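**Student:** I have a structure here, written as structure tokens, and I will follow up with some questions on it.
The values are calculated or read from the model by the stated rules, or taken from the named source; none is laboratory data. Predicted model, so just to flag it, every value in this text is computed and none were measured. Positions of Cβ are backbone-derived with ideal geometry, glycine not excepted, and every protein chain shown enters the neighbour counts. Just so you know, the surface numbers come from the protein's heavy atoms only, side chains and all, with ligands and any DNA or RNA stripped out. Shrake-Rupley method; radii C 1.70, N 1.55, O 1.52, S 1.80 Å.
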Amino acid sequence: FLLLSICDNLYSQKIVAKVKVIHDKLQGRNLDLFEGFEQKLAAYLNDYNWSKTDDQTPMNLEIQVFLEKVSDEGGSKSVSAAIYLSNSKELQFLDNGCIFILKKGYTFYHDENVIDPFLSIIDFYVYIMLGDEMDTLGKFLGTTFFQRAKSIALQSKALIAYNARGWEDRLLKAELFLDPRYQNYRIMKDFFYEGLFNYEDGDVALAKKNITRAV
């Protein structure tokens, strides 16, 4: 029963994201385009079952979107931005290559079969963060999520030509997590967090064993 309970919790994580949009560089121009942007993005992140389970274990994310420039692009607007993302642990990313198209009245919705110039950037990093989190719960449990991030990067690089450079950089990030040279680090995390769980359960001897294996 205990083993089954542990396995039920392996594929967990509910995203709990704090979103902040910084628009100082726009100097008051085009701000109407971003009305409700923070709320829409927070709902997009927090109201979706990213790991496809019923588990509500929180995974905290911090996302800051630094709006830098808005240009006319036909009936739409081309937005240049930098996005900072952190999982409140060891992962932090600052993506300076974010270029995406927005239209007034846009809505944020999930469709795994659609590549979206902005939301696919968000999806990419969420899956990277989820993969890293899953690696703390079992050896290589994050692989599926890293592969999903890589797939998004490959498709986006091919379809979003005006931001191919940004997607090339993201593709390299995903490939690093899947690189065989990174596997020992991923295994270390499994041992470390297993030792932490052992310690919290009062099994100090097993905790020492697993932490030693991690080191």
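**Student:** Hey, what number do you get for the chain at 222 nm if only DSSP H runs of n ≥ 4 count, each worth -39500 (n - 2.57), divided across all residues, to the nearest 500?
**Tutor:** -14000 deg cm²/dmol
**Student:** Also, quick follow-up: What residues have an amide H closer than 5 Å to that of residue 69, excluding those fewer than 5 places away on the same chain, when H is modeled at 1.01 Å from N in the peptide plane?
**Tutor:** 80
**Student:** Work out from phi, with θ = phi - 60° and the Karplus expression 6.51 cos²θ - 1.76 cosθ + 1.60, the ³J(HN,Hα) of each residue of the range 75-82, listed in order in whole Hz, and give x for Gly and Pro.
**Tutor:** For the range 75-82, the Karplus curve yields x, 10, 10, 8, 10, 9, 8, 10 Hz.
**Student:** If you fit an axis through the alpha-carbon atoms of helix 204-214 and take the longest principal axis of the Cα set of the chain, what angle between them do you get, 0 to 90°, nearest 10?
**Tutor:** For helix 204-214, the angle is close to 50 degrees.
**Student:** Still on this model: Round to a whole number: what % of the accessible area of the chain belongs to carbon and sulfur, probe 1.4 Å?
**Tutor:** Roughly 54 percent, rounded to a whole number.
**Student:** Please give the residues of the range 68-93, grouped as numeric ranges, whose backbone N is less than 18 Å from a label point set 7 Å along the Cα-to-Cβ vector of residue 29.
**Tutor:** Only 68-82 fall inside the zone, counting backbone N under 18 Å.
**Student:** With all protein chains present and a 1.4 Å probe, how do 213, 148 order by accessible area, largest first?
**Tutor:** 213, 148
**Student:** Say R0 is 41 Å: what FRET efficiency, to the nearest 0.05, do residue 188 and residue 22 get from their beta-carbon distance?
**Tutor:** Given R0 = 41 Å and the Cβ-Cβ separation, E is 0.70.
**Student:** Nearest 20 debye, what's the magnitude of the dipole of the chain about its Cα centre given +1 on Lys and Arg Cβ and -1 on Asp and Glu Cβ?
**Tutor:** Roughly 460 debye, rounded to the nearest 20.
**Student:** Taking amide H positions as placed 1.01 Å from N in the peptide plane, with prolines and chain starts having none, which residues 5 or more places from residue 59, or on another chain, fall under 5 Å of its amide H?
**Tutor:** Here the answer is 14, 15, 16, since their amide H atoms fall under 5 Å of that of residue 59.
**Student:** A further question on this structure: How many Å² of accessible area per residue for the chain, probe 1.4 Å?
**Tutor:** Ligands and nucleic acids excluded, the figure is 55 Å² per residue.
**Student:** I've got another one for you. Using +1 at the C-beta of Lys and Arg and -1 at the C-beta of Asp and Glu, which of 195, 134, 97 has the Cα lying farthest in the positive direction of the dipole of the range 81-198?
**Tutor:** After comparing all options, I get 97.
**Student:** In 5 Å bins starting at 0, how do the alpha-carbon pair distances of the range 86-192 split up by percent?
**Tutor:** 2, 12, 22, 23, 18, 11, 7, 3, 1, 0
**Student:** If R₀ is 45 angstrom, what is the calculated FRET efficiency for the pair residue 76 and residue 197, using the beta carbon separation as r and rounding to 0.05?
**Tutor:** According to the calculation, E is roughly 0.40.
**Student:** Sorting check: for 118-131, 61-74, which peptide has the highest mean count of neighbouring beta carbons within 10 Å, and how do the rest follow?
**Tutor:** The peptides rank, most packed first, as 118-131, 61-74.
**Student:** Could you derive backbone 3J(HN,Hα) for the range 167-183 from the dihedral phi with the Karplus parameters 6.51, -1.76 and 1.60 (θ = phi - 60°), listing whole Hz in sequence and x where the residue is Gly or Pro?
**Tutor:** The phi angles translate into 6, 4, 5, 5, 4, 4, 4, 5, 5, 5, 5, 9, 5, x, 5, 8, 5 Hz.
**Student:** Determine the gain in length on full extension of the stretch residue 151-residue 109; use 0.36 nm per residue of separation and subtract their C-alpha separation, reporting nm with one decimal.
**Tutor:** Separation in residues times 0.36 nm, less the Cα-Cα distance, equals 13.2 nm.
**Student:** Continuing with the same structure: Hey, what do the phi angles of the range 33-44 turn into as Karplus ³J(HN,Hα) couplings, whole Hz, using 6.51/-1.76/1.60 and θ = phi - 60°, x for Gly and Pro?
**Tutor:** Values per residue, Gly and Pro as x: 5, 9, 4, x, 4, 4, 5, 5, 5, 4, 5, 4 Hz.
**Student:** For the residue pair residue 57 and residue 159, what label-to-label distance in nm results when each label sits 7 Å from Cα along the Cα-to-beta-carbon direction?
**Tutor:** Rounded to a tenth, the inter-label distance reads 3.1 nm.
**Student:** At q = 0.17, 0.27 Å⁻¹, work out log10 I(q)/I(0) for the range 134-215 with the Debye formula, treating every Cα as an identical point scatterer and leaving solvent out; two decimals please.
**Tutor:** Log10 I(q)/I(0), no solvent term: -0.70, -1.12.
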